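Read the structure below first, then the notes.
What follows draws every value from the coordinates through simple rules; no lab data is involved. It should be emphasised that the depicted structure is a prediction, and the values quoted were computed from it without experimental measurement. FYI the Cβ positions are ideal-geometry reconstructions off the backbone, even for glycines, and counts take in every protein chain you see.
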Amino acid sequence: MARKPQTRNPEQTKARILKAARDEFALKGLGGARVDVISRRAGIQKRMMYHYFGNKEALFQIVIEHEYTRFREAEAALEIERQDPVEALKKLVAFTWDYYIAHPEFITLVNSENLHKARHLKASSVLRPVNETFVDRMRALLKRGEASGQFRKGVDAVQLLITLSGVNYHYLTNQFTGEIVYGRKLMTKAARDERLAFNIETILRLVCKEGVM
């Protein structure tokens, strides 16, 4: 009996390419990633990758856009607007920490993009509105906390977000050298729990009025 020809599903094919590209870029960076490897991981011919996404640079930009968007969508699902400001801030710190741990490929992709001075993000029309919404949500949270008397006045939303990301991000990106420098295990469950508690306390001390925590 003759085999029926497989029906092409462009969306499934593109999804396989994106996943394969994400894994390859996260492992080797933009410079080290190879189109041949991506096409083999995706189970498609190389010409199909070029057909859907153009060249390797264009594919890397789409991967970066996809991963940032996925992060922001997961963050938006927290619905911090509905929660007590202090509890919302705690949840946001914990979410960021947990997301970085669960998605190490996101960290390595961001590191790779920084090596290229964010030229793909600069060229992106997708991420600007996504990130602007993210900053606006933090501004609104800070205003609610001020109005309720829980937060100090004048905390800059962008500076706070940089700090919130940094206390989580740095620990994880430097976990291997950190264990040597500081002479302690950093990624055991106990160590991770201790660090998360420290990060939450750090952010609350920056933002909350005395006696609120």
Taking a ≥ b ≥ c as the square roots of the eigenvalues of the Cα gyration tensor, with a/c under 1.5 meaning rounded and otherwise prolate when a/b exceeds b/c and oblate if not, the range 10-54 is prolate
Sorting Asn199, Ile101, Ala88 by the position of each Cα along the dipole of the chain (Lys, Arg +1; Asp, Glu -1; all at Cβ), the one nearest the positive end of that ordering is Ile101
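Would you mind calculating the gained length between Ala191 and Ala94 on full extension (0.36 nm times residue separation, minus the Cα-Cα distance), in nm to one decimal?
33.5 nm
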I need the shape label for the range 61-207. Rule: rounded when a/c is under 1.5, else prolate if a/b > b/c, else oblate, with a, b, c from the alpha carbon gyration tensor. oblate
Size of the dipole of the range 130-213 about the Cα centre, Lys and Arg at +1 and Asp and Glu at -1 on the beta carbon, nothing else charged, in debye to 20? 140
Which FRET efficiency, nearest 0.05, do Val155 and Ala102 yield, Cβ-Cβ r, R0 41 Å? 0.90
Other-chain or far-sequence residues with amide H under 5 Å of Cys208's (modelled H): Arg152
Quick check for me: using +1 on Lys/Arg Cβ and -1 on Asp/Glu Cβ, what's the dipole size of the chain about its Cα centre, in debye to the nearest 20? 900
Within the under-11-Å Cβ sphere about Ala157, not counting Ala157, Lys/Arg +1 and Asp/Glu -1 give a net charge of +1
Choice from Gly183, Gly29, Gly43 showing the highest fluctuation, given a GNM over the chain with Cα pairs closer than 10 Å: Gly183
Run the quick spin-label model on Glu179 and Lys143: label points 7 Å from Cα toward the beta carbon, then report their separation in nm to one decimal. 4.6
Tally Lys and Arg at +1 and Asp and Glu at -1 over the other residues with C-beta under 12 Å from the C-beta of Leu78: what net charge comes out? -1
Build a GNM of the chain with springs between Cα atoms under 10 Å: which of Met49, Met138, Met187 gets the top mean-square fluctuation? Met187
Pairs Lys19/Lys91; Lys90/Lys153; Lys14/Lys46; Lys56/Lys122; Lys91/Lys143; Lys46/Lys122: which exceed 20 Å Cα-Cα? Lys19/Lys91; Lys46/Lys122
Helix-derived [θ] at 222 nm for the chain: sum -39500 (n - 2.57) over DSSP H runs of at least 4, divide by residue count, nearest 500? -24000 deg cm²/dmol
The answer for the chain, counting only DSSP H helices whose Cα atoms cover 15 angstrom or more along the axis and whose Kyte-Doolittle average is 0.0 or greater, is 85-102, 104-115, 157-173, 189-207
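Is there a quick way to get the dipole size of the range 53-121? I mean about its Cα centre, with the Cβ of Lys and Arg at +1 and of Asp and Glu at -1; what is the value in debye to the nearest 20?
Computed about the Cα centre, the dipole is about 240 debye.
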Trypsin sites (Lys or Arg not before Pro) restricted to the range 47-118 and DSSP loop, no more than 15 other C-beta within 10 Å: Lys117
